[in-house]
Every structure is written in C-alpha cells, then in structure tokens.
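First the structure, in the form of structure tokens, and then the observations on it.
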Number of protein chains: 2
Amino acid sequence: MSHTLGIRQAQKLKTRQALLDAALRLLEHQSLSSLGLREVTRAVGVAPTAFYRHFDGTAALGVALVEQTLGSLHGMIGAILAETGDSEERLDRSVGLISRHVTAQPAHFRFIAREQHGGVGAVREAIAAQLRLFAEEVAAALAAEPESAGWDAEDLLMLGGLYVDHMVLTASALLDAGPDGEQEVVRVARRRLRLVTVGRAHWLDAP
Amino acid sequence: MSHTLGIRQAQKLKTRQALLDAALRLLEHQSLSSLGLREVTRAVGVAPTAFYRHFDGTAALGVALVEQTLGSLHGMIGAILAETGDSEERLDRSVGLISRHVTAQPAHFRFIAREQHGGVGAVREAIAAQLRLFAEEVAAALAAEPESAGWDAEDLLMLGGLYVDHMVLTASALLDAGPDGEQEVVRVARRRLRLVTVGRAHWLDAP
DNA sequence: ATACTCGGAGAACGGTTGTTTACTGAATGG
DNA sequence: CCATTCAGTAAACAACCGTTCTCCGAGTAT
C-alpha cells in the first residue's frame, strides 16, 4: 500500500514544502496579497519559474497553506472537550492549549488571523470553510455532553461557532500582546469563556 | 473662532479627501499592504508626487482612514445602550443598527475588518486603540445600568470588549454573506448576543 | 540500453513601483 | 504691489514584478 515515493517525486514534495515554509515565514510581517512570487523563490533558492511547477500563483499557495495549517488541527478540539473534569477545569485547559499552540507556532496562527478577512478571496473562503468545519465538530462534541440536554441543533452550532470565533480571537490577541502580555490575555480569555459557559447553563431558562 | 478656510487650504483638504475616498474604494478588493501609492493618485487624477503633500506613504493614509472611519462612530453605541426598553428590544436594536450601518457603508467596515489583523503594524495599532476606546465607552454605559450592580470595573471592561468584538465579527460576517445571507447572519448574531446577555444576568451567581 | 518525462534553470519581455529633483503658477500676507 | 509660500506637475531613476519561452539533465519506464 505504502508505495515508497520515487526520489523524483520526493524532491518535488521537498521543494514544495520549502516554498510553503518560506512563504509562511515571509508572511509574518506582511499579508498574502503583497507577497511576491519571486520573493518566495528567492528565499528558497530556486528560480522564479520553478514556482509554477507547484502553484498557479501566490493565491493557490495561500490555499495550500490554509489546509496545511488548519487541517492538522482537526480532532484536537474534540479531544479536549471529551476529557473529563468540571467545566472550570476544561475551560482552563482549553485556553492553556491555545496559548501553548500559539506560542509554539506563531506564524501559522498569524497567517490564519491575517488572511481570515484578507484581500485574497480564495484564501478567505478556504479559511471560512475550515472554521465552519471546526464549529460543526465542536457542536458535535457539545451535543454529547449532558449539559446540552434540550438544545436543538441550530443552537448547538451557534454555540460551537461562538467557541471557535473566541478561539481565533484569543490566538490573535496573544500574538498582538507578545510574551509579556500573555498572562493578561489568558486571564481575560478565561473570563470571557466563563461568561459564555454561564450563559449556556441558563440558556433554557428564558423563553 | 471659526476662521473660514482659505481657498488654498480648502483645496488641499478636498484632494486629501479625494485620496482617502479613492483609497477606500480600491481597498474593497485588496488589502492595504498591496495598495500602491500611484494606484491611488491615478484614481484621483493627480500626479503621484502630489501624494506626498498629504501622507508619508500608504501606511499613513491607512491610519488616517482608520481615524476617519471609526472616529465618526464614537458615542453611537452609548446612545443605543442609553435608550430604554427591555434587554431583548435593545439587543435587536443593536444588531439592526449594525446591519444598517454595514449595508450603508460596506467599504468602511470591510477596511476595518481586513486591516484589524492586516500586514501594516501602524494601522493595526490604530484600529486596536480605537476599539479599546469603544470597549471602554461600552463598559461605561453598562456601568450605569441597574443590571451591573456588584460588577467590578475589570469585568465590565471584559464585557464591553466582548460586545465590541462581537460587533466587529457580525459586521464582517454580514459583508461575507452578502445581501442574501443577511437575515441568517442577523439571526445568529442576535442569538449569540442573547447568550452573552443570559450569562451576564447570572454572572454573579457563581463564585 | 533507449526513449521519454518533467522539475528546475536561464534569459528576456513589458509593465509597474516608490522616490528624488527641479519647476510652475496661483493663493497669500505685509 | 510685491515677495513669499506651497499644492500640484513633469521627468527621470533604479528596482522589482509576473509571465513566457527555450533548454538542460537527471530520474523513470520499457
């Protein structure tokens, strides 16, 4: 089944990945719409024309970058929410997990936050699609909890989307704050999350 | 006191405003970091060098655009929150107001949403400063309400920030959805806001 | 061993960019 | 009325851009 890649195909994947890595590094201080094709190839050390062997243009590279960045995160949220503990514990764990991920791979999150509303339509749509998927996953995980008794699917999806948006917002705030302000951001993020959780607990009280 | 502007200074302000307007129009389909200085002057019909009479570069233009766009919105939120009616009514009014503003001036909100996490640092900071100011205004308005009895300043600011972020998120969602999906976005935005309001009502129940 | 595939190199293309320098002419103020 | 200020112009600069075309040489399959 695992057909060992030919040394040719392997090299191609290698330079392709090099292009993606270089682009991600360059995108730390600028946005995709201003990223030059030549800029990327120069950073990698290949001819500008080699770029076209892998992507149609910087927009296509951006889409690939989205899938690589967000694709590897699926299931992570579900795993967190599936763990045991009271709501306060899980809340802290969630925020802590985000904080650690952002610290470990700042460039990835910066890219997503930046291009979520950026100037390249295809990339925006790719991110939106992934985040919608996340929201559905969170909704599914929430549905399995006893606290969700009596909730309809639409409200669960609303809550899932709220959590996802909060996650992205927190990641972005962490990046803006830097290492010094991290503690403060985490504090506020926790508190916001707690407010939402309180709202969730009393959601069915109102008409 | 109101020293009538000389016809010279008036002309300068006029072309300056023309530059800002043209830039805002161009920024509907791209982001600031890819906006060319010449592109703007070409749209206005002036020489590229005239640009420097008004701004140091496109970044400075962006900052001016932020202040013009968000500066005119101060007090609006406070006015809404100060109106009477039960929380459900005010909630609907708030979302409706955002929806109407976004429909009336899409380019302004698109610009803010796009550059909030965009590639130009100075613009990011300008937006962040304005939004922080908004959050403080909302917090001050909330503090005057009877529902806020027992709340400390920090929690009020947290809640104000939550409302502001929700507002920006809603505006962005409206822009992404277009006229067709507007109703759906408004529905979800209202529901999210209601959840936060429920959480607010029971915030002091928990330790 | 031979023919083929194909990732990458190289050169050249027209076009655009930001910025500098020197200049014009109308509004301004004494 | 006359000297000065100054918003906007015109030309030129070197640097960079995306894209096309042609070619090479190592990997591949027969």
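The values are calculated or read from the model by the stated rules, or taken from the named source; none is laboratory data. Only a predicted model underlies this, so the values are computations on that prediction, with no experimental measurement involved. Every residue, glycine among them, receives a Cβ derived from its backbone with ideal geometry; neighbour counts consider all protein chains shown.
If A:T103 satisfies every condition in (1) closer than 30 Å to A:G199 by Cα; (2) of a type in the set (S, T, N, Q); (3) within 16 Å of DNA strand C (Cβ to nearest atom) but one, which is the exception?
(3)
In the range A:42-51, which residues are surrounded by 13 or more Cβ atoms within 10 Å (Cβ to Cβ) and either within 14 Å of chain B (Cβ to nearest Cβ) or within 8 Å of DNA strand D (Cβ to nearest atom) (or both)?
A:R42, A:P48, A:F51
Which one of A:E125, A:E147, A:E137 is surrounded by fewer than 20 Cβ atoms within 10 Å (Cβ to Cβ) and within 13 Å of another protein chain (Cβ to nearest Cβ)?
One residue alone meets the criteria, A:E125.
Could you tell me whether the range B:34-56 includes any residue that is within 15 Å of DNA strand C (Cβ to nearest atom), of a type in the set (S, T, N, Q) and under 25 Å from A:E115 (Cβ atoms)?
Yes, the range B:34-56 contains at least one residue that is within 15 Å of DNA strand C (Cβ to nearest atom), of a type in the set (S, T, N, Q) and under 25 Å from A:E115 (Cβ atoms).
Among the residues of the range A:162-174, which ones are over 13 Å from the mean Cα position of the chain (by Cα) and within 11 Å of chain B (Cβ to nearest Cβ)?
Selection gives A:L162, A:A173.
When you look at A:A82, is it farther than 25 Å from A:G178 by Cα, exposed (fewer than 13 other Cβ atoms within 10 Å of the Cβ), touching a helix residue (DSSP H, G or I) at 6+ places or on another chain (Cβ under 7 Å) and not assigned by TED's automatic domain parsing to the domain that holds A:A171, yes or no?
Spelling it out, it is not the case that A:A82 is farther than 25 Å from A:G178 by Cα, exposed (fewer than 13 other Cβ atoms within 10 Å of the Cβ), touching a helix residue (DSSP H, G or I) at 6+ places or on another chain (Cβ under 7 Å) and not assigned by TED's automatic domain parsing to the domain that holds A:A171.
Got a number for residues in the range A:1-33 being within 11 Å of DNA strand C (Cβ to nearest atom) and of a type in the set (D, E, K, R)?
Residues meeting the conditions: 4.
Quick grid of which residues meet (1) under 19 Å from A:H29 (Cα atoms); (2) of a type in the set (V, I, T); (3) free of Cβ contacts under 8 Å to residues at least 60 places away in the same chain; (4) not in a helix (DSSP H, G or I):
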| residue | (1), (2), (3), (4) |
| --- | --- |
| A:H117 | yes, no, yes, yes |
| A:A141 | no, no, no, no |
| A:E154 | no, no, yes, no |
| A:R200 | no, no, yes, no |
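Within the range A:10-64, can you find the residues that are of a type in the set (F, W, Y) and part of a helix (DSSP H, G or I)?
Residues satisfying the conditions are A:F51, A:Y52.
Scan the range B:136-151 and give yes if some residue there is hydroxyl-bearing (S, T, Y) and under 18 Å from the mean Cα position of the chain (by Cα), otherwise no.
no
Inside the range A:20-38, can you point out the residues that are free of Cβ contacts under 8 Å to residues at least 60 places away in the same chain and either more than 13 Å from DNA strand D (Cβ to nearest atom) or over 25 Å from the mean Cα position of the chain (by Cα) (or both)?
Within the range A:20-38, A:L20, A:D21, A:H29, A:R38 qualify.
Just one of A:A126, A:A113, A:A122, A:A141 is assigned by TED's automatic domain parsing to the domain that holds A:A79, touching a helix residue (DSSP H, G or I) at 6+ places or on another chain (Cβ under 7 Å) and either among the hydroxyl-bearing types (S, T, Y) or within 25 Å of B:V164 (Cβ to Cβ) (or both); which is it?
None of the other options fit; the residue is A:A113.
Can you confirm whether the range A:65-75 contains a residue that is away from DNA strand C (no atom under 16 Å from the Cβ), assigned to a helix (DSSP H, G or I) and of a type in the set (S, T, N, Q)?
Yes, the range A:65-75 has at least one match.
Could you figure out which of (1) in a helix (DSSP H, G or I); (2) without any contact (Cβ under 8 Å) to a residue 40 or more places away in the chain isn't true of A:L91?
The single condition A:L91 does not satisfy is (2).
Which members of the range B:156-186 meet the condition of being exposed (fewer than 14 other Cβ atoms within 10 Å of the Cβ) and assigned to a helix (DSSP H, G or I)?
Answer for the range B:156-186, where residues must be exposed (fewer than 14 other Cβ atoms within 10 Å of the Cβ) and assigned to a helix (DSSP H, G or I): B:Q183, B:E184.
Condition first: without any contact (Cβ under 8 Å) to a residue 40 or more places away in the chain and of a type in the set (A, V, I, L, M). Now tell me which residues in the range A:119-138 satisfy that.
Answer for the range A:119-138, where residues must be without any contact (Cβ under 8 Å) to a residue 40 or more places away in the chain and of a type in the set (A, V, I, L, M): A:A128, A:A129, A:A135.
So which residues in the range A:88-106 are crowded, with 16+ Cβ neighbours inside 10 Å and of a type in the set (G, A, S)?
A:S94, A:S99, listed by residue number.
Could you tell me which numbered condition B:L70 fails, if it satisfies all but one of (1) within 14 Å of chain A (Cβ to nearest Cβ); (2) buried (at least 18 other Cβ atoms within 10 Å of the Cβ)?
(1)
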